[in-house]
Amino acid sequence: MANWNEPRRSEQGFGASLGRDGALAGRAAYDEGLRKHMLSIYNYMASGVLLSGIVALGTFVSGYAFLFYATPLRWVVGLSPLAIVLAMSFGANRFKASTLRALFWSFTVLMGLSLSSIFAVYTGPSIAAAFFAAAGGFAGLSLYGYTTKKDLTAWGSFLIMGVVGLIIASIANLFIKSEGLAMAIPFLGVLIFAGLTAFDTQKLKDQYTYVAGTEFAGKAIVLGALNLYLDFINMFLFLLRLMGSNRN
């Protein structure tokens, strides 16, 4: 009589063990899937940065860079990437993953053409210094965004408002030509895109829960790479304005 429920306890214990093992296996599968997902995003992003760099340097060395900063073509090259970003953002649900990939590579090539002008303005060593500083900062901030337990969601609205403020301030300074504002803009730009790097990394990590195993997963990789590419390139350009040495 005293032992009639022992089998049940054993059965419960066995079931609990199976539950724990199943949960552990499921967690391991999720972590592996997340790791592959994020690595794919970083691979696309890094490949895009590399392609832009090759196009920028090749265009400068070939002597064609002046076409993209001293002729009306600069408007085409300057505005086309923005058009592609908007198309990818608003057309993500309609476009196939292959279309988004093609747009992403087109975007990075156009960005390379646009970036070719920096070689005519800044010295090579200062460009390299800014690039490696941006790469180090990006890696650290992205790692923070990936590993932190702190919810960075509240940063989003504040940082987006900061980007809008930077754009408005940059346009306004074309007319008022304030030296103080000209010095403040790149400093604030570095801080804002540093914050966006951590924020976007956490957002992309959390997004995996909703896209894993869906048709949108491939699209999410390309769109995530685009977000991180923009964070990195903007941080690099603002750092270059802060620490770059002019050729003249």
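No lab work stands behind these numbers, since they all come straight from the coordinates. As the structure is a prediction and not an experimental result, all values here were calculated from the model. All Cβ positions, glycine included, derive from the backbone under ideal geometry; neighbour counts span all protein chains shown.
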| Nearest-ten-degree value, helix 217-243 long axis tilted from longest Cα axis of the chain | 40 degrees
| Net length gained if the chain between V163 and F187 were fully extended (0.36 nm per residue, minus Cα distance) | 7.4 nm
| query | How far is it, in nm, from the label point at K177 to the one at A128 when both lie 7 Å from their Cα along the line to the Cβ? | reply | 3.6 nm
| request: Go through 81-89, 69-77 and give me the packing order, highest mean Cβ count within 10 Å leading. | output: 81-89, 69-77
| query | Can you work out ³J(HN,Hα) from phi for every residue in region 129-135, in order, using Karplus 6.51 cos²θ - 1.76 cosθ + 1.60 and θ = phi - 60°, giving whole Hz and x for Gly and Pro? | reply | 5, 5, 5, 5, 5, 5, 5
| Candidate lysines for bridging to K150, where Cα separation is under 29 Å - those fewer than 8 sequence places away on the same chain excluded | K36, K203, K205, K219
| remark: Helix 179-211: inclination vs the chain longest Cα principal axis, degrees, rounded to 10, gives 30 degrees
| Which FRET efficiency value, to the nearest 0.05, is calculated for S62 and M243 with the Förster distance at 41 angstrom and r the Cβ-Cβ distance? | 0.90
| request: Provide the per-residue ³J(HN,Hα) series for region 147-161, in order, calculated from phi with Karplus coefficients 6.51, -1.76, 1.60 and θ = phi - 60°, each as a whole number of Hz, with x at glycine and proline positions. | output: 9, 5, 8, 6, 6, 9, 4, 5, 5, x, 4, 4, 5, 5, 4
| field | Residues with amide H under 5 Å from that of Y122, placed H, sequence gap 5 or more | value | R247
| request: Grab the other residues whose beta carbon is less than 13 angstrom from that of A194, score K and R as +1, D and E as -1, and report the net. | output: -2
| note | Scoring only Lys, Arg, Asp and Glu (+1, +1, -1, -1) among other residues with Cβ under 10 Å from the Cβ of L152 yields -1
| field | ³J(HN,Hα) computed for each position of region 31-46 - Karplus, 6.51 cos²θ - 1.76 cosθ + 1.60, integer Hz, glycine/proline x | value | 4, 5, x, 5, 4, 5, 4, 5, 5, 5, 4, 5, 5, 4, 4, 5
| request: Work out, step by step, the length gained on full extension between W105 and T214: first 0.36 nm times the residue separation, then minus their alpha carbon distance; give nm to one decimal. | output: 36.9 nm
